């Protein structure tokens, strides 16, 4: 299995991430990575992410912006 992220603007348009992600072997690894790097992704122009497992959408879009921001 390969867990991957899709990076999007607020309107759902795909954007290239500021930090190139890897393919993750577990959902936990993918989520830990996004938790560590989300601020860099926002600074690079991403507003939200979608998580996929071997091309199947698991959840999202999930905002990268802090609540109340």
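The values are calculated or read from the model by the stated rules, or taken from the named source; none is laboratory data. The model shown is predicted, which means the values in this text are computed figures rather than measured ones. Positions of Cβ are generated from backbone atoms using ideal geometry, with glycine treated the same way; all protein chains shown enter the neighbour counts.
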* Pick from segment 1-22, criterion at pLDDT below 95 and over 12 Å from the mean Cα position of the chain (by Cα), ranking: surrounded by the fewest Cβ atoms within 10 Å (Cβ to Cβ) -> 1
* Structure fact -> Result of the Cβ filter at 8 Å on segment 49-69, keeping first residues that are over 17 Å from residue 9 (Cα atoms) and partners that are in a loop (DSSP other than H, G, I, E, B) and at pLDDT below 95, at least 6 apart or interchain, is 53/1; 53/2; 54/1; 54/2
* Structure fact -> Of the residues in segment 23-45 that are touching a strand residue (DSSP E or B) at 6+ places or on another chain (Cβ under 8 Å) and more than 14 Å from residue 64 (Cα to Cα), the one that is surrounded by the most Cβ atoms within 10 Å (Cβ to Cβ) is 30
